[in-house]
1. Among the listed residues E168, E135, E182, which satisfies the condition of being at pLDDT 90 or above, open to solvent by 50 Å² or more (accessible area, probe 1.4 Å) and assigned to a strand (DSSP E or B)?
2. In region 138-155, which residues are among the β-branched types (V, I, T) and open to solvent by 20 Å² or more (accessible area, probe 1.4 Å)?
3. Got a number for residues in region 37-61 being at pLDDT below 90 and in contact with a Gly (Cβ under 9 Å, 6 or more places away or on another chain)?
4. Can you tell me which residue in region 99-132 is most open to solvent (accessible area, probe 1.4 Å), limited to those that are among the polar types (S, T, N, Q) and part of a strand (DSSP E or B)?
Amino acid sequence: HAISALRLTDADLQGDPSLNPKSGYKMLALDGTGDYASIGSKSWQHFSDHKFTILARINRDALGAEAIFGKWVEAGNSRVFLLGIDSSNQLELQVSNDGNASSSVVSTPTISTRDQVVAVTYDGGTVKMYRDGAELATTNSTDTTIVDKAAAIHIGAADDASLMTGDEGPVVLINKVLTRQEIIQATQRFNTPPLRDRRTAGVIRNRNRFAQ
């Protein structure tokens, strides 16, 4: 199946994460010692034009390198994409055009330990990064295509490593590049979710709009 409107109710929860209410949404509480969500190996077919946007609400408990969301296995040739935070606490996007070597792009400002919405867009070359609707960086990636590999999609982990410590959710993946105004609107929605969405901890969509 293609990536399509998957919620954490469809995911395999690893470790002992819990759902904590945070400003309307229930965020997935991750302890950094084995907690993450795995949604299985979904097809990348709806992203064949190599364009996407990822948005995630996170509330970090500690500084250091950790994964936010990705389809990524370190061993072998199973790297596709990974949004995370590097050891310098900068927002980082990694993509791979062959499943093995990857191109890495990072933001200049550091990502602190607080409740925030981070976002990244990739158009097959240019990467833009945002925090709470404000643009952090615009950089070119040396990898201009993304290859699909049989790797599970993980929330809060890369493979089963680089585990997130803190709260995360919702997470959204869209097969188009959102404008800054659309990023701002999405950020506002993350902070004030509709009542019917308040049980959602994470969602992946392949639509060109935010569905209700």
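The values are calculated or read from the model by the stated rules, or taken from the named source; none is laboratory data. None of these values were measured; they are calculated from a predicted model. Glycine gets a Cβ as well: all are built from the backbone with ideal geometry, and neighbour counts include every protein chain shown. Just the protein is used for accessible areas: all its heavy atoms, side chains included, with ligands, DNA and RNA removed. Shrake-Rupley method; radii C 1.70, N 1.55, O 1.52, S 1.80 Å.
1. Values: E168 fails: open to solvent by 50 Å² or more (accessible area, probe 1.4 Å); E182 fails: assigned to a strand (DSSP E or B).
Result of the check over E168, E135, E182: E135.
2. T138, T139, T142, T144, T145, V147
3. Step one: filter region 37-61 for residues at pLDDT below 90, giving 37-51.
If we keep only those that are in contact with a Gly (Cβ under 9 Å, 6 or more places away or on another chain) too, we end up with 37, 39, 49-51.
Of the residues in that region, 5 qualify.
4. Applying the first criterion (among the polar types (S, T, N, Q)) to region 99-132 yields 100, 102-104, 107-108, 110, 112-113, 116, 121, 126.
Among the residues that remain, those that are also part of a strand (DSSP E or B) are: 103-104, 107-108, 110, 116, 121, 126.
Values: S103: 9, S104: 64, S107: 1, T108: 108, T110: 78, Q116: 2, T121: 5, T126: 44 Å².
So the residue we want is T108.
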